[in-house]
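Visitor: Supplied in structure tokens, the structure appears directly below.
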Amino acid sequence: MSPTVMAQPKISLELGLGIYEPILSGFDDNNQFPVAKVWNRNLLTNYGIFYQFFYNARVGYSSYTSWDVGEMTSDGGSMPIFSRSITYRMFPIETYFRIKPTIELNFSLTPIWGRSKISLNTRLNQSGDDWNIFLSVYGNEPLEIATTDAMRQDWLGYSGQLGIRYYLRSFLGLELKLGFMHNYYSEKNWRLQGNTITGPVYDIEKLPIYAFRIIYGIK
């Protein structure tokens, strides 16, 4: 095997897709929101960057995001377009070893800094009314909302993942990962324009996750 196949770039980028199975009862139990489908409940988009700081260890940043967008409905009428994202931001430390010149096994542990964001494309001059209709779904009292904005919630967690990587070239690889995520999410303490509110219920405490990635070395 030539040395170019054995060598590995110090810096690498990853791009891929993940699959997991959360229970988003804060949306799925209410017919105002779009019907749950694979793409808006189970699919995660993934990107990241890693740096090899030791001969068999890497550190990096990796982000998995679930997306949903659609028009809400109420009493047979239409409401504004809303969008929802759930992002799992990870800062993994990863160890690896080659079982063959082109095949790598790896293991990573990482803290999670999660964030969910919900935005409304409100109707002209009805921003406050549209937000209060939306917030009433989760039992919030009416608020004085000045302008269109987004509500946010942050939480912490951790994850462990096992992976197998096949190198097509010294700078290009395909990787399959499987593992788990443990998130300490609560529907309390969402933020909207300085107000603390109650948001949707997510059951994301303990979740298996599967991911497929393309790895590209840049240096």
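Visitor: Given the conditions (1) part of a strand (DSSP E or B); (2) under 17 Å from Y202 (Cβ atoms); (3) in contact (Cβ under 8 Å) with a residue 24 or more places away in the chain, which single one is not true for F27?
Guide: Failed condition: (1).
Visitor: I would also like to ask the following. Within the stretch 97-144, which residues are modelled with pLDDT of 95 or more and either touching an Asp or Glu at 6+ places or on another chain (Cβ under 9 Å) or surrounded by 17 or more Cβ atoms within 10 Å (Cβ to Cβ) (or both)?
Guide: Listed by number, the residues that qualify are E104, N106, F107, S108, L109, T110, I112, W113, G114, R115, S116.
Visitor: Next up: Enumerate the pairs (first residue in the stretch 53-75 and under 30 Å from N132 (Cα atoms) and of a type in the set (S, T, N, Q); second residue anywhere and at pLDDT below 90 and loosely packed, with under 13 Cβ neighbours inside 10 Å) with beta-carbon separation below 9 Å, excluding pairs fewer than 6 apart on the same chain, so at least 6 apart or on different chains.
Guide: T73/N31
Visitor: From the list D29, D75, pick out the single residue that is farther than 28 Å from L178 by Cβ and either buried (at least 16 other Cβ atoms within 10 Å of the Cβ) or at pLDDT 80 or above (or both).
Guide: Selected residue: D29, the only one of D29, D75 that is farther than 28 Å from L178 by Cβ and either buried (at least 16 other Cβ atoms within 10 Å of the Cβ) or at pLDDT 80 or above (or both).
Visitor: When you go through (1) touching a Lys or Arg at 6+ places or on another chain (Cβ under 9 Å); (2) of a type outside the set (A, V, I, L, M, F, W, C); (3) under 27 Å from F53 (Cα atoms); (4) part of a strand (DSSP E or B) one by one for K219, which number turns out not to apply?
Guide: (4)
Visitor: While we're on this one: Would you mind stating whether T147 is at pLDDT below 95, farther than 23 Å from T65 by Cβ and assigned to a strand (DSSP E or B)?
Guide: For T147, the condition - at pLDDT below 95, farther than 23 Å from T65 by Cβ and assigned to a strand (DSSP E or B) - is not met.
Visitor: Going residue by residue through the stretch 13-24, is there one that turns out to be at pLDDT below 95, outside any loop (DSSP other than H, G, I, E, B) and farther than 20 Å from I209 by Cβ?
Guide: no
Visitor: Right, next: Is it fair to say W67 is part of a helix (DSSP H, G or I) and surrounded by fewer than 16 Cβ atoms within 10 Å (Cβ to Cβ)?
Guide: no
The values are calculated or read from the model by the stated rules, or taken from the named source; none is laboratory data. Since the structure is predicted, the reported quantities are computational estimates derived from the model, not experimental observations. No Cβ is skipped: glycine too gets one built from the backbone with ideal geometry, and neighbour counts run over all protein chains shown.
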